[in-house]
Amino acid sequence: MKSFFHVQDIGPLDAALREALEVKANPLAWKHLGENRTIILVFFNSSLRTRLSSQKAALNLGMDPIVLNVNGDSWKLETGMGVVMDGDKSEHLREAIPVIGSYCDIIGVRSFAGLKDKEFDYNETILRQFIEYSGKPVISLESATVHPCQAFADLITIEEYRKKRRPKVVLSWAPHPGCLPQAVPNSFAEWMDAADVELVVTQPEGYELDPRFTGGARIEYDQMKALEGADFVYAKNWSATKEYGRNICHDRSWTIDKAHMDVTENAYFMHCLPVRRNVIVTDEVIDSPRSLVIPEAANRVVSAQVVMKRMLEDLVK
Ligand code: CP
């Protein structure tokens with residue numbers, strides 16, 4: 001695997017899920033693969049789960065993980081091309097990326113959407129530079145438009161908890177005081193569309209995700225109607241897509257509460273975390289026995305480990 005970015009990069013999902021469950025059952029069985037190998041995890045943005053789960057996955061595989069917090073403990077990096085660098089940024093990505101690549105075998109990159117320039121974000125300008133200039137396999141640890149390690153962990157969790165062969169999975173927009181990227185819902189929709197589930201996406205007008213990600217999903221503007229009979233409810237805020245990056249809906253009736261869960265088929269509640277309690281979801285729902293937020297987060301180690309394992313296996317071919 002040269003890069004991990006979209007669902008197609010992992011190949012057939014049934015094989016990936018089987019491998020994930022093997023890795024989960026025996027996480028140290030491939031410790032030899034990463035011996036004398038190094039992964040550098042580059043963070044342009046904050047993280048709890050991705051940072052820790054990626055390091056844990058690397059350690060399980062015998063690799064040495066190095067974390068670089070860009071703008072925190074490195075030079076501030078310029079990302080624009082043709083910029084006159086007379087501001088506060090001392091180094092350009094064009095040099096930094098090949099230098100980072102020369103120190104490691106695999107690179108992971110977290111680089112959120114700026115939400116100012118849709119074309120810059122949706123071209124994955126920063127991640128593509130890492131792929132082009134590092135000479136190393138690159139993992140998106142949530143880049144401008146996708147969060148594949150999260151979506152793979154979500155799919156593993158649904159596989160573990162589903163009672164039906166083809167469960168109904170509802171991705172529901174939920175309110176938030178800020179303006180968040182579309183990476184998590186994009187990837188969740190993309191992975192669910194590729195999986196054997198019935199996918200429904202519900203959001204207010206103006207928040208429609210790109211059909212490249214939602215694929216054959218049913219799009220439903222009536223949230224309660226969308227939730228009827230759901231087996232899994234995946235809540236997430238994202239910023240508007242029509243007025244790109246803006247927060248145009250503050251309607252708290254979209255907060256997932258007991259009344260929303262009552263119309264489902266005793267659904268499980270999912271969220272990638274971090275979550276704003278009593279804004280995205282009420283305490284009652286997230287603290288209920290049907291909440292999967294902690295198993296989902298735990299599966300972030302498994303998804304990262306499968307991806308790194310496959311990259312290491314390719315390195316010795
Ligand atoms: N879900 C997720 O990616 O969490 P972090 O932002 O804490 O890494």
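Readers should treat all values here as calculations from the given coordinates under stated rules, not as data from a laboratory. All of these numbers come straight from a predicted model, not from anything done at the bench. Glycine also receives a Cβ, built like all others from the backbone with ideal geometry; neighbour counts cover every protein chain displayed.
Values as computed for the structure displayed
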{"quantity": "Charge tally in the Cβ shell below 15 Å around E19, where Lys, Arg are +1 and Asp, Glu are -1, E19 excluded", "calculated": "-3"}
{"quantity": "Stokes-Einstein diffusion coefficient of the chain, Kirkwood radius over Cα pairs, 4 °C, 1.567 mPa s, in µm²/s", "calculated": "65"}
{"quantity": "Cα-only radius of gyration and Dmax that characterise segment 1-132, units Å", "calculated": "16.7, 53"}
{"quantity": "Protection proxy ranking of 82-89, 265-272 - average other beta-carbon atoms within 10 Å, highest first", "calculated": "265-272, 82-89"}
{"quantity": "Radius 10 Å from Cβ of K242, net charge of other residues (Lys, Arg +1; Asp, Glu -1)", "calculated": "-2"}
{"quantity": "Column: log10 I(q)/I(0), Debye, Cα scatterers of segment 39-116, q = 0.15 Å⁻¹", "calculated": "-0.57"}
{"quantity": "Whole-Å semi-axes of segment 251-292's equivalent ellipsoid (Cα gyration tensor)", "calculated": "15, 13, 8"}
{"quantity": "Distance from segment 265-317 to segment 64-143 (C-alpha centre basis), Å", "calculated": "26"}
{"quantity": "Across K163/K225; K136/K236; K89/K118; K2/K24, pairs whose alpha-carbon gap is larger than 25 Å", "calculated": "K136/K236"}
{"quantity": "Length released on extending from W75 to I219, taking residue separation times 0.36 nm less the Cα-Cα span", "calculated": "47.5 nm"}
{"quantity": "Kirkwood Rh and Cα Rg combined as Rg/Rh, segment 276-317", "calculated": "1.32"}
{"quantity": "Amide H partners (placed H, <5 Å) of I256, local residues excluded", "calculated": "V281, T282"}
{"quantity": "Quarter of Cα convex hull surface for segment 165-317, i.e. mean projection, nm²", "calculated": "9.9"}
{"quantity": "Segment E91-Y161, extension gain: residue separation times 0.36 nm, minus the distance between their alpha carbons", "calculated": "20.5 nm"}
